[in-house]
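Working notes, structure below.
The values are calculated or read from the model by the stated rules, or taken from the named source; none is laboratory data. Everything numeric in this text was worked out from a predicted model, so none of it was measured. Here the Cβ positions follow ideal geometry from the backbone for every residue, glycine too, while neighbour counts run over all protein chains shown. All accessible areas refer to the heavy atoms of the entire protein, side chains included, with ligands and DNA or RNA removed. Shrake-Rupley method; radii C 1.70, N 1.55, O 1.52, S 1.80 Å.
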Amino acid sequence: MTTDVAIVGYGPVGQLLAILLGQRGWRVRVVERWPESYPLPRAVHFDHEIGRVLQSAGVAEALAGLTVAAPIYEWRNARGQTLIRFGRDTERSLSGWPESNMFCQPELERILDERVGSLPSIRVERGCEAVGLRSGGAGVALDLRRADGRTRELRARFVVGCDGANSFVREHIGSGWHDLGFHFDWLVVDVLPEDPRWEGPLNWQLCDPARPTTLVSGGPGRRRFEFMRLPHETLDELNSEAAAWRLLAPWKVDPGNAKLERHAVYTFRARWADAWRNGRALIAGDAAHQMPPFAGQGMCAGMRDAANLAWKLDLVLRGLASDLLLDSYMTERATHVSAMIQLSIELGRIICVAEPEEAAARDARMIGEARQRGAPVDARLPPLGPGCFAAGALAAGQLFPQDVVRHGGATGRFDDVVGGGFVLASPAGDPSAALDPERAAWFASLGGVTAHVSPGAPTDDVNGGYARWFETHGAAVVLQRPDGYVFGSAPRLEDAGALVGALRERLSRRQARSAASGSAAATSSSHKY
Ligand SMILES: Cc1cc2nc3c(=O)[nH]c(=O)nc-3n(C[C@H](O)[C@H](O)[C@H](O)COP(=O)(O)OP(=O)(O)OC[C@H]3O[C@@H](n4cnc5c(N)ncnc54)[C@H](O)[C@@H]3O)c2cc1C
């Protein structure tokens, strides 16, 4: 039997994509090379947008108690002077989640695995490696090899390679790398301190040329330390338990008061694949891009891929969009991810300095800038690149907010209380009244919901967050996509019909004038991450 979507790789990105497709009822088969999940912490940070994506995957409740909201991300020099401070709101954000959330990746993967297990249309096969891939007009055929050497074929309408940095599916697609040539080796050490309290900033970077060091939360009860390899050191000198304890000692962490959970040297890279799709084969996550961890965005980027791809695959599989829509996946996401990689490199250039003179010049420049600035820096999430948007529309490609609303007797986050997916919302009245019956029926067939959202309206804008957004953008109606990004907005409620019409036209388009139109980057500003 042909499955709808085959996913190669059961890391966090493969798990999330499986859930987002399985929730929509698609038959999903996931194959994973290893019999057990990767046990060691890697990612420790996700941002507010990813909080909302995880909420849409049904794991918000399970996450409670497994994350710590981080208020500040501080960068200091060897003398303890502040080079730069990133401010983070722990209560409110654009997406209704704390701006920075610290967690432990294996715990998140366990939660996602449990969610996968609750969805009957998903099957996961561990200890099963994809070793061959053939694409045809109507589908793909994957050759699978089990640990005992047995082989067989899996047929699917689409295959998505969420198979990590050495992706086999990427090779099949024939993609090369756009490599920015930024690589450094770091020893990553996770400890479980007996006393979980931590003196000093929760998350900070010590930009000391004698040993550039990262000190961050690893989620509740955990601390993450990262130590850069110095030019005169070999990998072997750094990659040992003894080296880990030696480097932890100045931080008063020793075998008497902490357990060493793991130590491993990673080479951080900055690159993205130059093709993410070939016909019915696509890639997502580390298979498509890798970045240094200084912005805490590698997994976040992969989860954005999954959120972007899931609704597009859904519409194509349902026959509600032409498969040209899938081309917008890379044009939108690659622009965003390349900006995040650039940000990670800029942060890396601050800390990956082992030359004292170079560090002194950096300090002088940055301390001056920090004094002038005064307030913490608001780092911004970039908009999506050109793709599936209403051409020229205001705010297209930006994240639309999720705030608390009171609706139908319930109070909570908008997506939980009113619904996620396609949303047509207005502070000026009920947008469904502005749709002719044909457009209203078509929008409903997408699962679209409409909302009159305003203080005191049927969807009561409890904090006034929506009112502020509409006012800032000079908009009276907005059409939000299922990944939380704005398809388009317009200055009059009567324009709701035109927005829905533009979406319909965009989804049915069969010729490749798609990617260039609806240029989000041209019309958008960015959002704090
Ligand atoms: C030290 C460190 C710190 C980090 N910190 C952060 C952070 O704070 N925030 C953040 O967002 N990101 C961070 N990251 C990045 C994050 O961990 C990765 O981006 C994320 O794990 C990628 O997920 P993925 O699902 O794309 O790939 P992976 O997690 O690598 O999963 C890929 C899976 O595919 C399987 N596979 C591969 N080939 C095949 C095949 N042929 N057949 C079957 N299965 C196959 C593999 O076994 C693997 O399980 C960090 C990374 C490191 C190393």
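Just a few scattered comments:
- Net charge of Cβ neighbours under 13 Å - reference Arg262; Lys, Arg +1; Asp, Glu -1: +1
- Label point distance in nm, Ala433-Arg371, each placed 7 Å from Cα along Cα→Cβ: 5.9 nm
- Positive-pole candidate from Val5, Pro41, Leu17, dipole of region 1-66, charges at beta carbon: Val5
- Full-extension gain in nm, Arg262 to Arg123, via 0.36 nm per residue minus C-alpha separation: 46.9 nm
- Mean Cβ neighbour count within 10 Å, used as a protection proxy, ranking 361-367, 230-236 highest first: 361-367, 230-236
- Sorted on the mean count of surrounding Cβ atoms within 10 Å across their residues, most packed first, peptides 352-358, 180-186, 370-376 read 180-186, 352-358, 370-376.
- The gain in end-to-end length when the Trp34 to Ser508 segment is fully stretched comes to 166.6 nm, 0.36 nm per residue minus the alpha carbon separation.
- On region 268-325, 39 percent of the accessible area sits on carbon and sulfur atoms, based on a 1.4 Å probe.
- Contact order normalised by residue count of region 1-86, Cα under 8 Å, 6+ apart, percent: 21 percent
- Dipole size of the chain about its Cα centre, with +1 on Lys/Arg Cβ and -1 on Asp/Glu Cβ: approximately 880 debye, rounded to the nearest 20.
- Low-density loop cleavage sites - trypsin sites (Lys or Arg not before Pro) in region 183-284, where at most 14 other Cβ are within 10 Å (DSSP): Arg197, Lys252
- Adding -39500 (n - 2.57) for every DSSP H run of four residues or longer, then dividing by how many residues the chain holds, sets the calculated 222 nm ellipticity at -9000 deg cm²/dmol.
- The charge dipole of region 320-393, taken about its Cα centre with unit charges on the Cβ atoms of Lys, Arg (+1), Asp and Glu (-1) only, comes to about 260 debye.
- Length added when fully stretched, Leu235-Arg150, from 0.36 nm per residue minus Cα-Cα: 26.8 nm
- Working from Cα pairs under 8 Å separated by at least six residues, relative contact order for the chain is 16 percent.
- Peptides ranked, highest mean first, by Cβ atoms within 10 Å: ranges 138-147, 155-164: 155-164, 138-147
- Separation of region 46-64 from region 446-475 is 22 Å, based on Cα centroids.
- Cα lying deepest toward the dipole's positive end in region 157-214, options Ala165, Leu202, Phe184, charges on Cβ: Ala165
- Relative to the longest principal axis of the Cα atoms of the chain, helix 105-117 runs at roughly 30 degrees.
- When the Cα positions of Ala69, Leu347, Ala270 are compared along the charge dipole of the chain, Ala270 comes out farthest toward the positive end, with charges on each C-beta of Lys, Arg, Asp and Glu.
- For region 177-229 versus region 111-133, the spacing of their alpha-carbon centroids is 32 Å.
- Estimated FRET transfer efficiency when R0 is 60 angstrom, pair Glu91-Ala141 (beta carbons, to 0.05): 0.75
- Förster radius 35 Å - calculated FRET efficiency between Glu358 and Asp254 (Cβ-Cβ, nearest 0.05): 0.65
- At 1.002 mPa s and 20 °C, Stokes diffusion of region 398-472 via Kirkwood alpha-carbon radius, µm² per second: 170 µm²/s
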